Amino acid sequence: MAFTQYTNLDFDQIKLSIRNYLRANKRFTDFDFEGSNLSVLIDILAYNTYINSYNANMAANESFLETATLRENVVSLARNIGYIPRSRRSAIATVDFAVNLRANTDAVSLTVKAGLIATGSAENSAVTFCIPEDITAPVNDGIAFFDNVEIYEGSFVKTNFIVNNDQSNQKFILPNPYVDTDTLRVKVYLNNQTSSYREYNKIDNIFKATSSSEIYYLYEVSDEKYELVFGDGTFGRKLSNQNKIECTYIVSGATKGNGVQKFTFAGILEDNEGSRITSVIPAIVTVNKAENGDFIEDIESIKKFAPKVYSSQYRAVTTQDYEAVVSEIFPNTESVIAIGGEELTPPQYGKVLIAVKPRRGFFLSNFTKKDLQQKLKTYSVAGIVPEFIDLKFLFVEVFSSVYYNQTVTSNQKQIEDRVVKSITRYAKTSDLNKFGGRVKYSKLVNVIDTSDKSITSNITKLVIFRQLQTQIGLEANYELCYGNQFHVYKASYNIKSTKFKIPGESSFVYFADLKINSTRGSLFIFKLVKNRPVIVSRNVGKVNYTTGEILIDTIIISSTQKPNNIIEIEAIPESNDVIGLSDLYVRFVLKRNNIDIIPDLIDSGANTSGTRFISSSSYIDSKETQYIRK
């Protein structure tokens with residue numbers, strides 16, 4: 001008789017299968033499987049089968065990148081396709097300082113030794129900053145200038161190894177976790193007594209490696225530690241017996257140093273003769289504050305980007321390649337989008353525009369953009385120029401009328417708090433926080449309905465708007481793309497703006513539109529006189545309702561009501577599923593005064609006929625301020 005095939009990992013089902021098998025055997029026809037001691041043996045068999053099945057299932061899951069859960073296994077599987085996860089990253093600041101030794105000094109040059117160079121403070125705690133290697137500057141008229149020095153948050157560490165060919169399978173594992181591998185410097189000495197050395201460089205692939213290449217490979221092992229692997233004489237120079245390996249690196253505190261911008265010099269200065277300079281403590285001038293510190297790449301990120309980097313083969317040809325490479329060279333990437341120049345209007349052939357949303361903040365500094373652009377050159381195909389652009393936000397504002405049953409609760413403030421918290425949580429989900437993000441209207445409505453057990457229904461409306469960065473006092477024309485079709489339901493005022501001023505008008509004015517047909521509209525400028533609109537200037541721009549695009553003709557704007565010379569221009573989307581198309585990044589805007597908590601008189605039984613039921617409009621502009629955006 002064939003034994004039962006187990007199709008699940010449920011203990012009770014396994015036990016039942018064993019029991020049914022024994023009952024079908026003629027030798028056990030008179031046994032009581034429920035009360036006899038045989039039941040204990042069946043439990044043991046079922047338990048053993050259960051454990052073996054569970055272990056086999058887990059082992060199978062850990063064999064594939066998509067289903068593995070242990071970091072060591074995920075890292076190992078990613079390594080098989082040539083992907084090395086990002087290490088921790090120290091926050092990096094750029095500073096200048098000058099050392100004045102007085103004009104009568106004999107020093108030709110000054111050197112700042114590798115290691116501690118400055119201290120700063122963040123959240124009332126001291127933060128140390130180091131440099132991974134010596135920096136030397138010439139002395140002219142007694143002064144040495146150190147310009148654009150990059151300093152790294154963390155602790156400077158030195159580790160030595162001695163090559164022993166008598167030891168089989170010798171491994172060189174850095175003993176410290178949390179290493180920023182970008183700061184790792186490797187020197188190989190002939191032996192422990194000599195001072196001459198060769199500096200070895202880390203590589204990611206072996207395409208250009210020869211038998212004499214002084215290179216090493218770096219792999220993550222357990223507990224966030226790293227192993228150095230040197231060449232074998234075919235791909236990379238092979239180490240000799242008694243070679244001394246000196247590794248220096250910075251152990252990073254990840255995000256600890258982000259935002260530090262005031263530094264005190266604490267480094268070691270030596271002149272060209274090796275004499276230490278202690279009489280001068282230079283003042284440090286901050287060029288760029290410390291930023292981009294980050295933790296080691298997490299498991300989900302490895303699973304996401306390892307296949308992408310593998311498909312790009314460490315070269316940037318397609319836009320997807322650029323997205324994968326940028327995520328690899330800039331660990332602080334939360335979301336990235338690359339757009340080929342041929343897709344632009346008008347086309348810009350030979351260009352790739354790249355927008356990056358960092359994990360902290362919303363914009364990349366000019367320093368970071370230049371640094372990434374330089375790093376991309378080693379991946380880019382000749383003739384293609386990558387260009388980093390700032391994020392373009394598409395703001396989605398929520399208006400909601402929430403009905404609740406008074407017999408369940410009468411605390412409107414509590415309901416409002418819970419609705420706000422629920423919407424805020426939804427705004428932080430993966431549906432939105434990425435390029436190509438989408439507001440899923442059905443989910444949003446459900447999130448509001450389930451915020452509190454007393455809520456019976458809601459009428460929720462969405463408005464999209466963008467911020468127009470104006471050039472105050474200058475003639476300029478502007479273009480705003482929303483990437484979503486506009487809803488058109490009346491003759492004018494589908495487009496609304498906040499206040500601004502133009503030459504010749506003492507009062508504030510606004511943008512609005514006049515519908516020409518179902519696809520096109522004309523912009524005009526108006527002001528409010530006794531709360532009624534009066535047109536100031538016609539035909540100042542165009543609106544394409546189908547593509548969601550606003551073009552503003554040449555205009556001089558004197559000032560804006562919003563800070564930073566911003567004018568907000570809103571529209572009603574045709575679909576409540578708002579999409580962050582192309583390089584637009586969707587961002588939720590939620591204001592408490594946009595949430596109305598209304599008693600549901602029908603569900604509470606106070607007015608079952610509905611004669612006193614308070615209806616809420618499904619249109620945004622039903623209030624008195626229908627002409628303008630506040």
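Calculate, in nm to one decimal, what N100 and S196 gain on full extension: separation in residues at 0.36 nm each, minus their alpha carbon distance.
Numbers: separation 96, 0.36 × 96 = 34.56 nm, distance 3.20 nm.
Taking N100 through S196 to full extension adds about 31.4 nm, to one decimal.
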D (Stokes-Einstein, µm²/s), Kirkwood Cα radius, the chain, 1.002 mPa s at 20 °C: 70 µm²/s
Alpha-carbon centroid distance for the pair region 183-216 / region 391-458, whole angstrom: 57 Å
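Name the chymotrypsin sites (Phe, Trp or Tyr not before Pro) in region 202-310 that are in a loop by DSSP and that have at most 14 other C-beta atoms within 10 Å, would you? Display every interim value, and only then the final one.
Numbers: sites: F207, Y216, Y217, Y219, Y226, F230, F235, Y249, F263, F265, F295, F305, Y310; in loops: F207, F235, F263, F295.
Sparse-neighbourhood loop chymotrypsin sites (Phe, Trp or Tyr not before Pro): F207.
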Per-bin percent of Cα-Cα distances, region 422-513 [5 Å]: 2, 9, 15, 17, 14, 14, 13, 8, 6, 3, 1, 0
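Take each uninterrupted DSSP H stretch in the chain, measure its Cα extent along the helix axis, and return the ones at 24 Å or beyond whose mean Kyte-Doolittle hydropathy is at least -1.0. Mind showing how you got there, number by number?
Details: long enough: 38-61 (34 Å, 0.46).
Those that clear 24 Å and a mean of -1.0 are 38-61.
What length, rounded to one decimal in nm, is gained on full extension from N148 through to N124, with 0.36 nm per residue of separation minus their alpha-carbon distance?
On the way: separation 24, 0.36 × 24 = 8.64 nm, distance 2.65 nm.
Fully extending the segment from N148 to N124 adds 6.0 nm.
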Point-to-point label distance, T318-E227, nm (Cα→Cβ direction, 7 Å offset): 3.4 nm
Computed Rg/Rh of region 313-390, alpha carbon atoms with Kirkwood Rh: 0.94
Reachable lysines, given that their alpha-carbon falls under 30 Å from the alpha-carbon of K15 and they are not under 8 places away in the same chain: K26
Dipole magnitude (debye, nearest 20) for the chain, charges at Cβ of Lys, Arg, Asp, Glu: 1640 debye
Which of I245, T119, N165, positive extreme of dipole for region 118-272 (C-beta unit charges): N165
Footprinting exposure proxy for D180, D298, D141 (fewest neighbouring C-beta atoms within 10 Å first): D141, D298, D180
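Give me E397, E342 ranked fewest to most by other Cβ atoms within 10 Å of their Cβ, as a rough exposure proxy.
Starting with the residue having the fewest Cβ neighbours, the order is E342, E397.
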Computed FRET value (nearest 0.05) for I556 with R425, which takes r as the C-beta separation and R₀ as 51 Å: 0.70
Label point 7 Å beyond Cα of E549 along Cβ direction - residues of region 499-525 with amide nitrogen under 20 Å: 512-524
Given charges at Cβ of Lys, Arg, Asp, Glu: the chain dipole, positive-most of Q469, T547, F526: F526
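Just to confirm the filter: which trypsin sites (Lys or Arg not before Pro) across region 572-616 are DSSP coil and have at most 15 other Cβ within 10 angstrom of their Cβ?
Hits after loop and neighbour filter: K591, R612.
Round to the nearest 0.05 the FRET efficiency obtained for S618 and V285 when R0 = 45 Å and r is the Cβ-Cβ distance.
Details: r = 58 Å, r/R0 = 1.29.
The pair S618/V285 has a calculated efficiency of 0.20.
Only helical DSSP H runs with n ≥ 4 go in: add -39500 (n - 2.57) per run for the chain, normalise by residue count and round the 222 nm mean residue ellipticity to 500 deg cm²/dmol.
-5500 deg cm²/dmol
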Ellipsoid semi-axes in whole angstrom, largest first, where each is sqrt(5λ) of the Cα gyration tensor of region 156-251: 19, 17, 14
Distance violations [Cα-Cα > 28 Å] among K434/K490; K453/K591; K262/K499; K501/K591; K440/K499: K434/K490; K262/K499; K440/K499
Computed FRET value (nearest 0.05) for E479 with N164, which takes r as the C-beta separation and R₀ as 51 Å: 0.15
Charge dipole of the chain about the Cα centre (unit charges at C-beta), most positive-ward option of T105, S275, N205: N205
Inter-probe distance in nm under a simple model that places probes 7 Å from Cα toward Cβ, at R538 and Q414: 5.8 nm
Net lengthening on full extension, T611/I135 (0.36 nm per residue, minus Cα-Cα): 163.2 nm
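Every number here is computed from the coordinates shown, using simple stated rules; none is lab data. Please read these numbers as outputs of a predicted model, since none were measured by experiment. Cβ coordinates were reconstructed from backbone atoms using ideal geometry, including for glycine residues, and neighbour counts include every protein chain displayed.
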